[in-house]
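A.B. asks: Starting off with a structure, shown below.
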Amino acid sequence: MQLDKIAMGWAFAILDGLGIFFAMAFSLLTNRVSFIMSRAAALHWATYSWTGALVMAIEHVVVGFILGWFFAWVYNSFVRE
């Protein structure tokens with residue numbers, strides 16, 4: 001069974017983007033793990049804020065799509081039908 005590269009890319013992108021946005025939103029709303037998330041935001045050239053959460057989510061959507069597409073391409077290269 002071949003994987004659809006575009007669908008896999010979007011699946012990775014959505015999960016990755018939403019995951020990091022919800023993690024940052026949880027941290028901003030509850031003030032828990034703020035040290036960890038502020039360090040993660042610094043790695044993304046973003047601030048520990050709602051704007052930073054949006055910037056990180058956009059970056060993760062782009063990278064998630066690329067990784068999902070690449071994963072499907074590698075998987076399809078090993079699967080023969």
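A.B. asks: In a helix (DSSP H, G or I), open to solvent by less than 80 Å² (accessible area, probe 1.4 Å) and either modelled with pLDDT under 90 or basic (K, R) (or both) - does that describe any residue in segment 58-79?
C.D. replies: no
A.B. asks: How about segment 29-51: which of its residues are within 19 Å of I14 (Cα to Cα), in contact with a helix residue (DSSP H, G or I) (Cβ under 7 Å, 6 or more places away or on another chain) and open to solvent by 60 Å² or more (accessible area, probe 1.4 Å)?
C.D. replies: Hit for segment 29-51 is W50, nothing else.
A.B. asks: Looking at this structure, is L54 under 13 Å from the mean Cα position of the chain (by Cα) and open to solvent by 90 Å² or more (accessible area, probe 1.4 Å)? Can you show your working first?
C.D. replies: Values: under 13 Å from the mean Cα position of the chain (by Cα): yes; open to solvent by 90 Å² or more (accessible area, probe 1.4 Å): yes.
So L54 passes the test.
A.B. asks: If you don't mind, another one. With farther than 30 Å from M1 by Cβ and acidic (D, E) as the only criterion, which of E59, E81 stands out?
C.D. replies: E59
A.B. asks: A further question on this structure: Is there a residue in segment 4-14 that is part of a helix (DSSP H, G or I), out of contact with any strand residue (DSSP E or B) (no Cβ under 6 Å at 6 or more places or on another chain), basic (K, R) and touching a residue at least 12 places away in the same chain (Cβ under 8 Å)? It would help to see each step written out before you state the result.
C.D. replies: If we filter segment 4-14 for residues that are part of a helix (DSSP H, G or I), which is where we start, we get 5-14.
From what is left, the residues that are out of contact with any strand residue (DSSP E or B) (no Cβ under 6 Å at 6 or more places or on another chain) are 5-14.
Pick out the ones that are also basic (K, R) and you get 5.
Right, trim to touching a residue at least 12 places away in the same chain (Cβ under 8 Å) and you get 5.
Yes.
A.B. asks: Taking S49 as the residue in question, decide whether it is at pLDDT below 85 and more than 30 Å from F78 (Cα to Cα). Spell out how you get there, then give the answer.
C.D. replies: On the way: at pLDDT below 85: no; more than 30 Å from F78 (Cα to Cα): yes.
No; evaluated as a whole, the condition is false for this residue.
A.B. asks: So, in segment 46-57, of the ones that are of a type in the set (S, T, N, Q) and not in a helix (DSSP H, G or I), which residue ends up nearest to G19 (Cα to Cα)?
C.D. replies: Among them, the one singled out is S49.
A.B. asks: State the number of residues belonging to segment 1-20 that are within 14 Å of A57 (Cα to Cα) and open to solvent by 60 Å² or more (accessible area, probe 1.4 Å).
C.D. replies: Residues flagged as within 14 Å of A57 (Cα to Cα) and open to solvent by 60 Å² or more (accessible area, probe 1.4 Å) within segment 1-20 amount to 5.
The values are calculated or read from the model by the stated rules, or taken from the named source; none is laboratory data. Predicted model, so just to flag it, every value in this text is computed and none were measured. With ideal geometry, Cβ positions are generated from the backbone for all residues, glycine too; neighbour counts draw on all protein chains shown. Surface accessibility is based on the protein's heavy atoms, side chains included, excluding ligands, DNA and RNA. Shrake-Rupley method; radii C 1.70, N 1.55, O 1.52, S 1.80 Å.
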